[in-house]
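I have placed the structure first, in the form of structure tokens, so that the comments after it can refer back to it.
We did not get these values from a lab; they are worked out from the coordinates using the rules stated. The structure presented is a predicted model; accordingly, all values stated were derived computationally and were not measured. Cβ sites come from the backbone with ideal geometry, for glycine too, and all protein chains shown count toward neighbours.
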Amino acid sequence: MIERNCWTVLAQRAQDETARIQTELGQLLTRLESLNASKNRLQKLYEEYRKQENSASASLQGMREVMNQRQFMTQLLTLMQRVEMDVQHAQKQLAETRERLLNSERERLKMQSLADQNAQAILHLADKREQRQMDELGVLQFNMRGLA
């Protein structure tokens, strides 16, 4: 039996794919954290403007300022909706990437197992061959003593 490098090559490819997906997963987690931070900042900013609008000083503001403030608040709401959509999209990608990682890890374990089995089979064959040679040598020595 000859050693098949294909199993080790396939195991290495599966390992590389798993590492690539883990890197992608890390990037997605970083992006999701960033989106959540942006969402929180926008919510705080919106709340601040809403409090200003409801405060007593709002009545002292001119109509133009009130309209500008409301328009800005509407823009903040639009941005918050867009960020929320991005968060949902990122969470979906994260779930899909985790599933791909699980599948990749399963494949890596399978390929590693096959590579290990092949290596064990080669070692077992080499041990058998060595034992056969030792047996032949022992028989030869026994026969040589009998002739001498």
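Details
- Projected label distance in nm at Gln81 and Lys51, using a 7 Å step from Cα toward the beta-carbon: 2.6 nm
- Taken along the Cα-to-beta-carbon direction at a fixed 7 Å, the label points for Ala19 and Gln141 span 4.8 nm.
- Computed E for Val66/Asn36 - FRET, C-beta separation, R0 22 angstrom, nearest 0.05: 0.10
- Burial ranking of peptide ranges 33-39, 124-130 (average Cβ count within 10 Å, highest at the top): 33-39, 124-130
- Ordering Leu45, Met63, Gln133 by the projection of their Cα atoms onto the charge dipole of the chain, which places +1 on the Cβ of Lys and Arg and -1 on the Cβ of Asp and Glu, puts Met63 at the extreme positive end.
- Shown here are the Rg and Dmax of the Cα trace of the chain, at 34.7, 125 Å.
- Rough spin-label spacing in nm, given labels placed 7 Å along Cα→Cβ, for Glu99 and Ala119: 3.4 nm
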